[in-house]
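Scroll down for the structure; my scribbles are underneath it.
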Amino acid sequence: GEDVEQSLFLSVREGDSSVINCTYTDSSSTYLYWYKQEPGAGLQLLTYIFSNMDMKQDQRLTVLLNKKDKHLSLRIADTQTGDSAIYFCAAGGFKTIFGAGTRLFVKA
Amino acid sequence: ETGVTQTPRHLVMGMTNKKSLKCEQHLGHNAMYWYKQSAKKPLELMFVYSLEERVENNSVPSRFSPECPNSSHLFLHLHTLQPEDSALYLCASSRGTDQPQHFGDGTRLSIL
């Protein structure tokens, strides 16, 4: 079946940039998403990109899509302690497939 | 205000009890979903409803029974659950099944 893979952990220092990477297998995915989950809460849609785009910037967030390699990344500039959370990559067509989530630790 | 509201936020029940989880969305969406999130499987799709019809049932045991009476409400009826069913149950909705999903904060379910 279709799959989305991402690394499980990332640790960065406050003020540095964070880059979370993801690969997916479904080339027919219409949208690629990034969700954020904080403790005790559901998934919050952070940003998404259409499959015909290669970059999207939204304040501190930059999404890069390499459709040929089926690779998606999320860059968080000037990472803050409040960015500590689990970040889920997802690929959407008829059915959205979620990755296992990357836990981001931000050290003060 | 997430637009997707789940109740209750926490539920503790015995294996012989019957309870229901409720999800309500105020976003005008046509598709609604139930997910199970646990340490073993981070995010497991259980059911998908589109325009109040079930379009996906991911081999979920019959002790979980979904109900979608209208496009704004989704229920998950629970009976004779097992300890391994303890998890966070998340509801989501989207404009269409290929559109971004918006999640509620989940119901934390504990089976004694």
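Here are a few things to note about the model shown:
- Summed over segment B:28-58, residues that are within 12 Å of chain A (Cβ to nearest Cβ) and exposed (fewer than 13 other Cβ atoms within 10 Å of the Cβ) total 3.
- Positions within segment A:16-42 being within 13 Å of A:Tyr87 (Cα to Cα), facing chain B (nearest Cβ under 7 Å) and more than 12 Å from the chain's Cα centre (by Cα), in sequence order: A:Ala41, A:Gly42
- Within segment B:8-48, the set of residues being under 14 Å from B:His77 (Cβ atoms) and in a strand (DSSP E or B) comprises B:Leu11, B:Met13, B:Lys18, B:Lys19, B:Ser20, B:Leu21, B:Lys22, B:Cys23, B:Trp34, B:Met46, B:Phe47.
- Condition met for A:Val63 (over 13 Å from the mean Cα position of the chain (by Cα), buried (at least 17 other Cβ atoms within 10 Å of the Cβ) and either over 22 Å from B:Ala39 (Cβ atoms) or more than 14 Å from chain B (Cβ to nearest Cβ) (or both)): no
- Where a residue in segment B:73-96 is more than 17 Å from A:Gln37 (Cβ to Cβ) and its partner, wherever it lies, is buried (at least 19 other Cβ atoms within 10 Å of the Cβ) and among the aromatic types (Phe, Trp, Tyr), with Cβ under 6 Å and at least six apart: B:Leu76/B:Trp34
- Taken as a whole, the condition of being surrounded by 17 or more Cβ atoms within 10 Å (Cβ to Cβ) and out of contact with any Pro (no Cβ under 8 Å at 6 or more places or on another chain) does not apply to B:Leu74.
- Just one of the listed residues (A:Lys107, A:Lys68, A:Lys36) is over 30 Å from B:Val55 (Cα atoms), free of Cβ contacts under 8 Å to residues at least 60 places away in the same chain and among the basic types (Lys, Arg), namely A:Lys68.
- Residue count for segment A:87-108, restricted to those that are at the interface with chain B (Cβ under 10 Å from one of its Cβ atoms), buried (at least 20 other Cβ atoms within 10 Å of the Cβ) and under 18 Å from A:Val19 (Cβ atoms): 4
- Members of segment B:93-108 that are surrounded by fewer than 22 Cβ atoms within 10 Å (Cβ to Cβ), farther than 12 Å from A:Gly42 by Cα and either more than 7 Å from every other protein chain (Cβ to nearest Cβ) or in contact with a helix residue (DSSP H, G or I) (Cβ under 9 Å, 6 or more places away or on another chain) (or both): B:Arg95, B:Gly96, B:Gln99
- Options A:Ala91, A:Ala100: the member that is within 24 Å of B:Val48 (Cα to Cα) and either free of Cβ contacts under 8 Å to residues at least 60 places away in the same chain or touching an Asp or Glu at 6+ places or on another chain (Cβ under 7 Å) (or both): A:Ala91
A short reminder: the numbers here are calculations on the coordinates, not readings from a lab. Quick caveat: nothing in here was measured; it's all calculated off a predicted structure. Quick reminder, even Gly has a Cβ in these numbers, built from the backbone with ideal geometry, and neighbours come from all protein chains shown.
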